[in-house]
Structure formats: C-alpha cells, structure tokens
Amino acid sequence: DTAVSQTPKYLVTQMGNDKSIKCEQNLGHDTMYWYKQDSKKFLKIMFSYNNKELIINETVPNRFSPKSPDKAHLNLHINSLELGDSAVYFCASTSVRVLGETQYFGPGTRLLVL
Amino acid sequence: QQQVKQSPQSLIVQKGGISIINCAYENTAFDYFPWYQQFPGKGPALLIAIRPDVSEKKEGRFTISFNKSAKQFSLHIMDSQPGDSATYFCAASGGSGNTGKLIFGQGTTLQVKP
C-alpha cells in the first residue's frame, strides 16, 4: 500500500532514556516533516527535510535530532527524554514541486515518558 | 503573525444539521488554506483546501468559505452525519521562503448526535 508509515506505534520509556522513531513514505515525495501533537491535540511542526536537506527547524530542544538517510525516510532521535516529551509524533510527506501539495500524515507514534 | 485561530473548541450537532467551524489568520502572505480531519488514533487527513483566488469551494457535503478582506475562512459540513464525528483542523501556509510549512489552528472536536 502507498502510505506514510511510522514505527513504533507506541513507545513507553523512562525519563532520561534515548529513543528513536522511524518514518518511511513510498509516495515518491521529496519533502518530509515531523509534527508534535500535545495532549490538547495542538499540532506543531518540528522539522522538515527536502531531498535530505533540513529546511525547517522550529524552536525545538537540541535533544531532538532528525536524520534523513534518503528522500523516503526521516527518523527522529530523542536524547535524555523528559516528561514533557510525552505526545503523539506524526510524520508527514509532500511534494514541494506543487506549493501547497497535500501533506500525507502517518498514523502517529504515541510516546509516553514515565 | 504566524497564528491561525480556530473556533469553537468543541461542537455538538444533531444528525442532519449544519456544522460550522471558523478560522482567522493574520499573515497576508498565506496562500493555501486546507482543512484536515482527524479520527481518534489516526493521523490527520486532508479534507478540502482553498486558495485565496476563490471565495468558496465545495466538495460533496463539505464547503470552505473564504473572506480574504476579513482574513477568515470557515468549514461548513452540510447534513452532518455521526461518521463526521472527529477533530477538524484548519491550517495555512505560504509566504516568502515557503517550505510547505503548515500552521495549524487549535482544532475543533465535532460530535454529531444520531
């Protein structure tokens, strides 16, 4: 199936641990994003990569480090996890050749930091 | 200037009724205004989108009304159905250095009662 996929779907971990979330899209898009959705459902962009190049880097703690090994993958590594990092993290992709192209979202990774 | 304000926060409508959600923005450089629908446990999915060169766009039971001078846009769901119960987000993007970055509203939780 063509889609944006994320692993894992659920992640429960202790404060201070380091964890990674993986995202893959097989839509042929050249731009990928990470969003954070907090407990009030507010969606906020964190990072964006276009053709493996970082193009958006919002005010995010440097404990968060995105990595894009190729156009189809965008991973998010989080160091020294804090309670406030608990949220749902969504990956999305689009094609910047057409401005405003639909962003396709993955199913989300639900992170709970204890 | 980068904010998109959405109201109401929650909405309860009887089956067959009209659901109306409103959004307002400040940045006149925004040129793409999508609405996303999110069901519990899922990622947001594009519902309908509009550009400022038209004042209205209709797709089935969903209509966007756009008022450029007032910097407001709204989503109308006609003949609302229980299956429409979800969280709806307006968003905006565009401007100099546009990277496809979406600024989301706060979300509206819609409940359609049978």
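The values are calculated or read from the model by the stated rules, or taken from the named source; none is laboratory data. All values derive from a computational prediction rather than experimental measurement. With ideal geometry, Cβ positions are generated from the backbone for all residues, glycine too; neighbour counts draw on all protein chains shown. To get the accessible areas, we keep the full protein, side chains included, count just its heavy atoms, and leave off ligands, DNA and RNA. Shrake-Rupley method; radii C 1.70, N 1.55, O 1.52, S 1.80 Å.
Key figures
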read-out	value
Filter result for residue B:101 (of a type in the set (Lys, Arg) and modelled with pLDDT under 95)	yes
Residue ranges of strands (runs of 3 or more DSSP E) in the range A:1-79 with at least 3 members of a type in the set (D, E, K, R)	A:19-25
Qualifying residue in the range A:72-88 (condition: within 30 Å of residue B:10 (Cα to Cα) and within 14 Å of chain B (Cβ to nearest Cβ))	yes
Among the candidates A:59, A:31, residue that is more than 23 Å from residue B:40 (Cα to Cα) and surrounded by 15 or more Cβ atoms within 10 Å (Cβ to Cβ)	A:31
Test: residue in the range B:30-44 that is away from chain A (no Cβ under 14 Å) and either surrounded by fewer than 19 Cβ atoms within 10 Å (Cβ to Cβ) or among the β-branched types (Val, Ile, Thr) (or both)	no
When residues of the range A:10-24 are limited to those that are in contact with a Lys or Arg (Cβ under 7 Å, 6 or more places away or on another chain) and of a type outside the set (A, V, I, L, M, F, W, C), the one most open to solvent (accessible area, probe 1.4 Å)	A:10
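Conditions tested, residue by residue: (1) closer than 23 Å to residue B:46 by Cβ; (2) modelled with pLDDT under 95.
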residue: A:8; (1), (2): no, no
residue: A:36; (1), (2): yes, no
residue: A:49; (1), (2): yes, yes
residue: A:61; (1), (2): no, yes
residue: A:71; (1), (2): yes, yes
residue: A:83; (1), (2): no, no
